[in-house]
1. At least 1 residues that are of a type in the set (Gly, Ala, Ser) and farther than 16 Å from LEU125 by Cα in each: list the strands (runs of 3 or more DSSP E) lying fully within region 163-203 that qualify.
2. Go through TYR281, TYR328, TYR346 for me and flag whichever is surrounded by 21 or more Cβ atoms within 10 Å (Cβ to Cβ) and part of a helix (DSSP H, G or I).
3. Would you pick out the residues in region 418-451 that are in a loop (DSSP other than H, G, I, E, B), out of contact with any helix residue (DSSP H, G or I) (no Cβ under 8 Å at 6 or more places or on another chain) and buried (at least 17 other Cβ atoms within 10 Å of the Cβ)?
4. If GLU158 passes every condition in (1) in contact with a Lys or Arg (Cβ under 6 Å, 6 or more places away or on another chain); (2) modelled with pLDDT under 95; (3) buried (at least 18 other Cβ atoms within 10 Å of the Cβ) but one, which one does it miss?
5. Which condition does PHE116 not pass, out of (1) assigned to a strand (DSSP E or B); (2) buried (at least 19 other Cβ atoms within 10 Å of the Cβ); (3) modelled with pLDDT under 80; (4) not basic (Lys, Arg), if it passes all the others?
6. Residue under question is SER311, and the condition is that it be among the polar types (S, T, N, Q) and modelled with pLDDT of 95 or more; does it hold?
7. Looking at region 298-325 only, could you name the residues that are closer than 15 Å to LEU267 by Cα and assigned to a loop (DSSP other than H, G, I, E, B)?
8. Could you check region 129-141 and list, in sequence order, the residues that are touching a residue at least 60 places away in the same chain (Cβ under 8 Å) and buried (at least 17 other Cβ atoms within 10 Å of the Cβ)?
Amino acid sequence: MDDRDKGLTHLFVRDLDEIPLPLRGEWRRAPRGGTAMRASRLLLGIGALAAVVAIALIVGFQLNERQSSVAGPSSSPSPRDTAIPVLDPRASATPTASHTPAATVATDIFNDDFGFAFREPQDRLTFRAESSQTRGADFSIGGFAVSADGRRMVYWTEGATEAAGAPQELRVVSAGDPTHSQTLVTLKSGQMGGGIVWSNDAGGVMFAVIDLNPVPGPPGSSAAAASIHTVDVGGTSLFSTDRVIYRSQQGGVVLQPVAWDRPAGVLAFGETGEGGFMFSYDVTHFSGSDVTTTRANVPVQITMSSVSASSDAKYVVGIDLTAQGFTYWPLQTMSGAGHHPPESKYGMTGAVWRPGTHEIGFVGPSNQFWLCDVDHETPLGCGRTAFSGLPDGAGTRAFRADGSAVVLTVGPSGPTTTYLLVRIGTDAKSRSGDRVTFQDNGNLVSSVRFR
């Protein structure tokens, strides 16, 4: 028997011994037939019985209370039953609890200074304010890219325009005034526009061009299958006109722009083909009029469509199917297979750069939303939880252009997709984790800023 149980039993016995009953001899000397004596004995018996019952109840309550305290951990709520975030100790040296103990549904999360860009069927792109279902601008596009601040968009006119005698054009437009566009580049006959990215200072655009009918020729000739170009977009010009940076002489290769650190004179792009994996990561350095491109083989299976750069073009992230998670690396060198922090295994549902930071946002353990700051990676990880309480299967889609909120997908895609807009607090007044759900029949691809 446990020592505490023995003590309680002793207390019970001791209290029974201390019940004040009359001496046996005095009790037996009382007259048998006296009414007063019979009443006295009845009262004494009732009192003793009441005392025994009271003590038994007290002891039983104390034993039950102690047993409940021992059994408590087995009945603790699971991570999904509590608002307190559950962190993976292996993934963070200094785990940070969620800023929100209990998520709140709040429609004031919508901010109509910002909006969403949706890719529609038949290669249409539309805008709408965050709180509205009403579409604004409508573009027929062959590809597009939104600047890091969300204020401008560059896009290809529809690729089929050449069939009608109109060559494809690269145009730039303001999200706040989408009715006025400026043509940056007009392609030649037999060419089609490829991927596009903005430079980190929003002063230029890097884009790919695909030759639909390349003519075989010697290395360095203009008869290439694909090429990488840059063009200035207003302001002080680094290159005054469309400039060819690199030409691929291999048929079937697709060149995909990754990032352009324009002030530093460095850009990067990937080479891909059938299957969609990046098999070469190429870095170009500019020194005056000299242009040098270094090609590096990619030793792992990184999907080209998942590759993106931080808004300052210092780091790149991609989904690595070999490691079953995300990997990141510096713009100027891939460093082998890149970095795989412990949290990266949770990044298969989307790993997106938070604007203005070196933080990668993704859905992590226990259905929490994590931010991995690559500037502070340690052997134990680089992540912290921003908020918790996400539904199963949630995926990361896009950050608001200023990084103050994130859009997540909820459930399977279909004719109508359910999205979750969640606040990421930056001060005591903005609760991280507050959220609102909305639906749309378009494919949300980016955040834009109207004003």
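The values are calculated or read from the model by the stated rules, or taken from the named source; none is laboratory data. What you see is a predicted model; the values in this text were computed from it and never measured. Please note: Cβ atoms are built from the backbone with ideal geometry, for glycine as well, and neighbour counts cover all protein chains shown.
1. On the way: elements: 169-174, 177-186, 191-198.
Hits in region 163-203: 191-198.
2. When all the criteria are applied, what remains is TYR346.
3. If the condition is that a residue be in a loop (DSSP other than H, G, I, E, B), out of contact with any helix residue (DSSP H, G or I) (no Cβ under 8 Å at 6 or more places or on another chain) and buried (at least 17 other Cβ atoms within 10 Å of the Cβ), then ILE424, GLY425, ARG431, SER432, GLY433, GLY442, PHE450 are the ones that fit.
4. Of everything listed in (1) in contact with a Lys or Arg (Cβ under 6 Å, 6 or more places away or on another chain); (2) modelled with pLDDT under 95; (3) buried (at least 18 other Cβ atoms within 10 Å of the Cβ), GLU158 misses just condition (1).
5. (3)
6. So SER311 fits the description; yes.
7. Residues satisfying the conditions are VAL307, SER310, SER311, ASP312, ALA313, LYS314.
8. Answer for region 129-141, where residues must be touching a residue at least 60 places away in the same chain (Cβ under 8 Å) and buried (at least 17 other Cβ atoms within 10 Å of the Cβ): ALA129, GLU130.
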